[in-house]
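Some notes on the structure that comes next.
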């Protein structure tokens, strides 16, 4: 994780889109305690702005480890995050669990 102060991290969290975090207020999230939830929500349905915030808050290693274990994301999102992380789609947990992988 980047060397940001607690107030800088909270400011970044407050800038996350409400649509991505419809079930909880971004202001009430804790960067470390809610890391998995934050990263999963951003990968699953976040905006470009949310994604930029994610990369400021977390390391490649954190994002990769959480992304690989997401249970479900759309195929479009899977293709995108696999491309960004430079990992084959088949390596993601959600790949083997969804019907769209049958064509591969």
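In the stretch 20-40, what residues are in a helix (DSSP H, G or I) and at pLDDT 85 or above?
Passing the criteria: 35, 36, 37, 38, 39, 40.
Pairs, please: C-beta under 6 Å, at least 6 apart or cross-chain, first residue on the phi < 0 side of the Ramachandran plot and in the stretch 17-29, second in a loop (DSSP other than H, G, I, E, B) and surrounded by 12 or more Cβ atoms within 10 Å (Cβ to Cβ)?
Short answer, once both residue conditions are applied: 17/47; 20/46; 26/16.
For residue 51, all conditions in the list (1) under 18 Å from residue 34 (Cα atoms); (2) surrounded by 18 or more Cβ atoms within 10 Å (Cβ to Cβ) hold save one; what is the number of the exception?
(2)
Residues checked against (1) more than 23 Å from residue 8 (Cβ to Cβ); (2) surrounded by fewer than 16 Cβ atoms within 10 Å (Cβ to Cβ); (3) in contact (Cβ under 8 Å) with a residue 60 or more places away in the chain:
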| site | (1), (2), (3) |
| --- | --- |
| 37 | no, yes, no |
| 58 | no, no, no |
| 70 | yes, no, no |
| 82 | yes, no, no |
| 93 | yes, yes, no |
| 97 | yes, yes, no |
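The values are calculated or read from the model by the stated rules, or taken from the named source; none is laboratory data. It should be emphasised that the depicted structure is a prediction, and the values quoted were computed from it without experimental measurement. A quick note on method: Cβ atoms are made from the backbone with ideal geometry, for glycine too, and the neighbour counts reach across all protein chains shown.
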